[in-house]
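Participant: The structure's right below; bear with me while I get my questions together.
The values are calculated or read from the model by the stated rules, or taken from the named source; none is laboratory data. The structure presented is a predicted model; accordingly, all values stated were derived computationally and were not measured. Note that each Cβ is placed from the backbone with ideal geometry, even for glycine, and that neighbours are counted across all protein chains shown. In case anyone asks, the SASA skips ligands and DNA or RNA and just uses the protein heavy atoms, side chains included. Shrake-Rupley method; radii C 1.70, N 1.55, O 1.52, S 1.80 Å.
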Amino acid sequence: MSRLDGTFARLRAEQRTGLVAYVTAGDPDLPRSAEVIRAVDRGGADVIELGVPFSDPLADGPVIQRATERALAAGTTLARVLDLAASLRADVAAPLVLFTYANPMVRMGIPAFARRAREAGIDGVLVLDLPPEEAGEARASFVAEGLDTIFLLSPTTSVERIRRAAELGGGFLYGISRLGVTGARADVADSAESLAARVRAETTRPLALGFGFSRPEHVRAVGRWADAAVVGSALVQVVAEHAGNPDLGGEVERYVRWLRS
Amino acid sequence: MTTPEIVPTHNFGTRDPDARGYFGAFGGRFVPETLVSAVEALTEAYLEARRDPAFRAELTRLLTHYVGRPTPLWEAARLGAASGGARVFLKREDLTHTGAHKINNALGQALLAQRMGARRLIAETGAGQHGVASATAAALLGLECVVYMGTEDMARQALNVFRMRLLGAEVRGVDSGSATLKDAINEAMRDWVASVADSYYLLGSALGPHPYPLMVREFQSVIGQEARAQILAQAGRLPDAVVASVGGGSNAMGIFDAFVDDASVRLIGVEAGGEAITIGRHAARFAGGAEGVFQGTRTWLLQDDDGNVTATHSVSAGLDYAAVGPEHAWLQSTGRAEYAWADDRAALAAFESLARLEGIVPALESAHAVAHVAALGRELGPEGIIVVNLSGRGDKDVQSVANLTGGRA
Ligand SMILES: Cc1ncc(COP(=O)(O)O)c(C=O)c1O
C-alpha cells in the first residue's frame, strides 16, 4: 500500500473530506518555497502537489502562469524541485505528488526522472499532457520505482477512458471539475457533481476534484461527491500576495487551516 | 503556362501515420485530458470527411473558383541564370486568394468545422497569413472567428492585423512568454480547453496533436499534386530538388508529399537561421534542437538542458517557432528529407533579388527557400531542375523590411 493509498484509506475511515494543496515549486524562489510547503503541511493538507514550473504551461490560467514565471526567473528547474522535495521529505507528513508537463521529464530521461523522484521521497506523479494513451513508458518506470501514476479525468472523458485511467492509475484519480484552465472561481461547477457520479459508477478508486476551488464551502461541497478537493490557484495567489511578507509561512498556514474549517 | 487539364486534387489517405498518430517515433497526442475527446472526435470526423465525395467536391469547388487554383508553376529564368544556370521553377502560392498557401488548409478545416457543427473558429497566427486565411474562411462560411497573435508579431505584421479585423475576426494579443507564435498557440489551446463544446481549433501548420499534422499536410497536398504534374508537363521530367521554407512545416509538407516516393528527388526544407545559430537567436530546430514533447506532439524542439523551451528569433514571424512538425522530424530521421537554414541576412537579400530578377516580392518566409537556391543551383549546374515553393507574397513584409533598411530599396 502506497503512502497515498494510506492517506485516502484513512480519510474514508474518518469520513473526512481531504484537502489536496497545489503550490508551484520554486515560487517565489526555492528557499521561500520550502517555507511555503512546510506551512501547507502544518496547515493540515492531506496531500501536497508540487507544480514543476515549465516555460509553456498551456493548461494553466494566469495565476499559475505568473507563479511559473517567478519560479523560472528564480532559477527553478525540475532537478532543483527534486532536490527541494528531498530536503523537505523528513519534515513533511503529507504525501508529495509532482505535477509536471511532459517535456522536463522527457529531457531528464524518464527512467532517470523516476529514480530521482523516488529517491527524493515523491509518492506520485501527474503529467498534465500525458494522457493514458501516451503514458505507457512513463507508467512502467513509475511502477518500477514504486511511484503512483495519477491520471486526470475531465467532464469530456468517456466512460471507457475513465475505466482505463482507474485501471492504469495509482493513488487517486484527479477529476477536473470544469472545462477550462486552472484558476479560482466563485462557485462549484455543476459539472463537478456529474463527473464525480460518472467516476463513482466505474471505480472505487479515490477521487479528488479540482479546478476553481478556493473556499471552505467549496471543499465541503466537494466532500459530498468525492474523497478530496484540490485547491491550487487560490493558494498560489496567497503566496503571490504575501511573497514579501516576513510571515509568508504564517499566512499560508492560516489559509490552509481555514480551507479545512 | 498552366496546362488546362491540371485541376486541384489532394492526396488523401495514402500516407497515414499509425493509429496513434505517429510517424516513426514522432507525433502522437500529448494533450491535456480535456482535449482528448476533442482530438478523437476530430480524427473521426476528418477521416470520414476525406472519404466523402461531397466534401471533396465542395473543397475542390472552393479551391478552384474562390482561391484561384491551380496556381502557376513559373520558370524563373533570370533567377536560374543567377543561380549557376539551373532551371528554377516557382510554385506560385503567393497568387492564391489572401496571398499564401495557408488558405488551402484554412478552407479545408473550416468546411470540416461546419460539418461538425461548430459555430466558432479559434486560430493562432504568426505572420498573420493563417489568421487572415482563417478569418476569410469564417467570413465565407458565416462562422465566428477569434485569432490569437503574439504582440511582438502584431507589431511586425500590422497590415495583417488590420486585414483580419476587416474580415470580421477578433484579434486577441498575447503578451506571455516571447509574445510570438508558440505563445499564441498556448493561448489558443487554453481557449479551446474551455470552449470545446462549440468551438473548432483551426491549427495553421502541420504540427500539434494527431490528427493535425496529417490533416494539414493533406489539405496542403494540393500544392505538390499540382506542382508534380506541372513540372512533368513543362520540363518533361521530375526535378532534382524541391525546396520549401519550414516554420511549423505545412507548405513544405504540402509540396514534399507528392514527391516522397520519387527517390531521385531531393526534398530540402529551409529553416530560419536568424542572427546566428546560438541559443535564442535562431529557429533552426534541426541545427540547434533536440527531441522533446511540445504543444501536443513529440518532435524536434529548441530547448535548454532542463526541458524548457528556449526563445527563438527570425526576421520572419512565420518561421519564428521553437518546434517543427513531427513528420519533418521523421523525414529527417530517415534521411528522406534534408534540412538547411538561411539566416536573416540571406533571406532579406533573397527578398530583394527575387523582386529585381522576377518582379515577384516574396513573403519573408518564402524568401528563406529562395535564399537556398543560389548555392543549390551552383551545386546542380545547368542540368539541374529545382522547384521552389513560393509559399506567400511579401506585401505584409514591405513595411518591416523598409524599417530594417531605413527605407532604402
Ligand atoms: C507565406 C508563409 N510561408 C511559410 C510559413 C511558415 O509556415 P509553414 O511552415 O507551416 O508553411 C508561413 C507562416 O506564417 C507563411 O505565412
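Participant: Of B:Gln303, A:Val106, B:Pro72, which is farthest towards the positive pole of the protein assembly as shown's charge dipole, taken about the Cα centre with +1 and -1 on the beta-carbons of Lys, Arg and Asp, Glu respectively?
Facilitator: The Cα lying farthest towards the positive end belongs to B:Pro72.
Participant: On to the next question. How would region A:3-260 be classified by its alpha-carbon gyration tensor: rounded, prolate or oblate, with rounded meaning a/c under 1.5 and the a/b versus b/c comparison settling the rest?
Facilitator: On the way: a/c = 1.43, a/b = 1.11, b/c = 1.29.
The shape class here is rounded.
Participant: Using protein chains only and a probe of 1.4 angstrom, how many square angstrom of A:Arg220 are accessible, to the nearest 10?
Facilitator: 130
Participant: If you wrap a convex hull around the alpha carbons of chain B, what volume per residue comes out, as a whole number of Å³?
Facilitator: Working: hull volume 49.9 nm³, N = 409.
Measuring per residue, one finds 122 Å³ for the Cα hull of chain B.
Participant: So how many Å³ per residue does the convex hull of the Cα atoms of region B:19-105 work out to? Each step should come with its number before you reach the end.
Facilitator: Numbers: hull volume 15.7 nm³, N = 87.
In region B:19-105, the Cα convex hull volume per residue is 181 Å³.
Participant: OK, next. Within 10 Å of each Cβ in B:184-193, how many Cβ atoms from other chains are there, averaged over the peptide?
Facilitator: Mean inter-chain Cβ contacts per residue within 10 Å come to 4.
Participant: Taking a ≥ b ≥ c as the square roots of the Cα gyration tensor eigenvalues, with a/c under 1.5 meaning rounded and otherwise prolate when a/b beats b/c, else oblate, which class fits region A:2-65?
Facilitator: Values: a/c = 2.67, a/b = 1.77, b/c = 1.51.
It comes out prolate by the Cα gyration axes.
Participant: Which log10 I(q)/I(0) values, to two decimals, does region A:162-261 give at q = 0.15, 0.24 Å⁻¹ under the Debye formula with one point per Cα?
Facilitator: Per q value, in the given order, log10 I(q)/I(0) is -0.63, -1.21.
Participant: In whole Å, what are the extents of the protein assembly as shown along the principal axes defined by its C-alpha atoms, from largest to smallest?
Facilitator: Projected onto the principal axes, the Cα atoms of the protein assembly as shown cover 82, 49, 46 Å.
Participant: Looking at chain B as a GNM with Cα springs under 10 Å, which of B:Gly68, B:Gly248, B:Gly359 has the largest mean-square fluctuation?
Facilitator: With Cα springs under 10 Å in chain B, the top fluctuation among B:Gly68, B:Gly248, B:Gly359 is at B:Gly359.
Participant: If you don't mind, there's one more thing I want to ask. With equal scatterers on the alpha carbons only and no solvent term, can you work out the Debye log10 of I(q)/I(0) for region B:256-327 at 0.22, 0.26, 0.29 1/Å?
Facilitator: Those come out to -0.92, -1.11, -1.26, one per q.
Participant: Counting only C-alpha contacts under 8 Å and six or more residues apart, can you give the relative contact order of region A:194-253 as a whole percent? Write out the running numbers ahead of the final one.
Facilitator: Values: 54 pairs, mean separation 17.1, N = 60.
That works out to 29 percent.
Participant: Given a cut-off of under 8 Å on Cα pairs at least six residues apart, what relative contact order in percent is computed for chain B?
Facilitator: Numbers: 939 pairs, mean separation 85.0, N = 409.
Across chain B, relative contact order equals 21 percent.
Participant: Given a 10 angstrom Cα cut-off, can you work out which residue in B:Glu379, B:Glu218, B:Glu226 is the most mobile in a GNM of chain B?
Facilitator: B:Glu379
Participant: Using a 1.4 angstrom probe on the protein heavy atoms only, line up B:Asp240, A:Asp227 by accessible area, largest first. Can you show the working numbers first?
Facilitator: Values: B:Asp240 45, A:Asp227 15 Å².
Output order, biggest surface exposure first: B:Asp240, A:Asp227.
Participant: I would also like to ask the following. So, with +1 on the Cβ of K and R and -1 on the Cβ of D and E, and no other charges, what is the size of the charge dipole of the protein assembly as shown about its Cα centre, to the nearest 20 debye?
Facilitator: Numbers: 66 positive and 79 negative charges, 133 e Å.
In total the dipole reaches around 640 debye.
Participant: Using only atoms on other chains, find how many Cβ atoms lie within 10 Å of each Cβ of peptide A:123-132 and report the average. Don't skip to the answer; put the middle values down first.
Facilitator: Values: counts 0, 0, 0, 0, 2, 4, 12, 7, 10, 2.
Across A:123-132, the average partner-chain Cβ count within 10 Å equals 4.
Participant: Further, regarding this structure: Which whole-number percent gives the relative contact order of region A:3-260, counting Cα pairs below 8 Å spaced six or more residues apart?
Facilitator: Values: 520 pairs, mean separation 60.8, N = 258.
RCO, region A:3-260: 24 percent.
Participant: If you don't mind, there's one more thing I want to ask. Take A:Arg16 and A:Ala93, extend 7 Å from each Cα along the Cα→Cβ direction, and tell me the distance between the two endpoints in nm.
Facilitator: 0.8
Participant: Would you list, by chain and number, the lysines whose Cα falls below 16 Å from the Cα of B:Lys102, excluding same-chain residues fewer than 8 positions away?
Facilitator: Filter leaves B:Lys91, B:Lys396.
Participant: Still on this structure, I have one more. Hey, in the GNM for chain A with a 10 angstrom Cα cutoff, which one of A:Val143, A:Val127, A:Val188 fluctuates hardest?
Facilitator: The residue with the greatest mean-square fluctuation here is A:Val143.
Participant: Given a Förster radius of 22 Å and the C-beta distance between A:Arg254 and A:Glu35 as r, what FRET efficiency does 1/(1 + (r/R0)^6) yield to the nearest 0.05?
Facilitator: Numbers: r = 14 Å, r/R0 = 0.63.
My answer for the efficiency is 0.95.
Participant: If you don't mind, there's one more thing I want to ask. Just how large is the dipole of region A:216-261 about the Cα centre, in debye to the nearest 20, putting +1 at every Lys and Arg Cβ and -1 at every Asp and Glu Cβ?
Facilitator: On the way: 5 positive and 6 negative charges, 49 e Å.
Roughly 240 debye for region A:216-261.
Participant: Shifting gears a bit: Go ahead and run the numbers for FRET between B:Gln399 and B:Arg336, Cβ-Cβ distance against an R0 of 41 Å, rounding to 0.05.
Facilitator: Values: r = 38 Å, r/R0 = 0.93.
Efficiency, rounded to the nearest 0.05: 0.60.
Participant: Distance from the Cα centre of region B:305-328 to that of region A:29-89, in angstrom?
Facilitator: Taking the Cα centre of each part, region B:305-328 and region A:29-89 sit 26 Å apart.
Participant: Enumerate by residue number the GluC sites (Glu not before Pro) in region B:1-85 meeting two conditions: DSSP loop (anything except H, G, I, E, B), and at most 11 other Cβ atoms within 10 Å of the site's Cβ.
Facilitator: On the way: sites: B:Glu5, B:Glu33, B:Glu40, B:Glu44, B:Glu48, B:Glu58, B:Glu75; in loops: B:Glu5.
Here the GluC sites (Glu not before Pro) that fit, given the DSSP loop and packing criteria, are B:Glu5.
Participant: Would you mind classifying region A:33-79 by shape? Square roots of the alpha carbon gyration tensor eigenvalues, ordered a ≥ b ≥ c; an a/c under 1.5 is rounded, otherwise it is prolate if a/b is larger than b/c and oblate if not. Write down the numbers at each step before the final one.
Facilitator: On the way: a/c = 2.27, a/b = 1.65, b/c = 1.38.
Here region A:33-79 falls in the prolate category.
Participant: In region A:3-260, what percent of the accessible surface is made up of carbon and sulfur (1.4 Å probe, ligands and nucleic acids excluded)?
Facilitator: On the way: 4370 of 8880 Å².
The C+S portion of the solvent-accessible surface of region A:3-260 is 49 percent.
Participant: A further question follows. Report which residues of region B:13-36 become buried by 50 Å² or more of accessible surface when going from the isolated chain to the complete set of protein chains (1.4 Å probe; DNA, RNA and ligands ignored).
Facilitator: B:Phe30, B:Pro32, B:Glu33, B:Thr34
Participant: What percent antiparallel are the DSSP beta bridges of the protein assembly as shown, to the nearest 5? Provide the component values of the computation, followed by the final result.
Facilitator: On the way: 17 of 79 bridges.
Just about 20 percent of them are antiparallel.
Participant: How much of the accessible area of region B:47-187, in percent, comes from carbon and sulfur atoms when a 1.4 Å probe is used? Write down the numbers at each step before the final one.
Facilitator: Details: 2680 of 4910 Å².
Accessible surface attributable to carbon and sulfur in region B:47-187 totals 55 percent.
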